[in-house]
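Since the structure comes first, as structure tokens, the remarks are kept for the end.
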Amino acid sequence: MSLLMTRLLVGLKLALFPAPRRERGDVPGWVLITVMTAGLVAGLIAFVGPELQSMLRRALDAVTKAGN
């Protein structure tokens with residue numbers, strides 16, 4: 001068989017039956033999203049944390065007083 005015929009057959013095989021690809025996904029993108037989300041949460045907690053704690057305490061106090 002000639003070299004040209006071999007290359008044509010190999011090309012045809014690859015075109016009809018491509019090798020399965022292992023898709024890992026966009027790992028660096030997900031890492032960036034996770035780090036950015038953690039940063040936003042940390043920033044929000046630092047900024048509004050005391051107010052959130054106060055709101056939670058008032059809500060729990062209201063529930064415990066209503067239960068008595």
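The values are calculated or read from the model by the stated rules, or taken from the named source; none is laboratory data. Here the structure is a predicted model, which means the values were calculated and not measured. Methodologically, a virtual Cβ is constructed for each residue, glycine included, from the backbone with ideal geometry; neighbour enumeration extends over all protein chains shown.
For Gly11, the requirement of being out of contact with any strand residue (DSSP E or B) (no Cβ under 6 Å at 6 or more places or on another chain), surrounded by 10 or more Cβ atoms within 10 Å (Cβ to Cβ) and without any contact (Cβ under 8 Å) to a residue 40 or more places away in the chain is met.
Looking at region 1-53 only, could you name the residues that are at pLDDT 75 or above and basic (Lys, Arg)? Answer for region 1-53, where residues must be at pLDDT 75 or above and basic (Lys, Arg): Arg7, Lys13.
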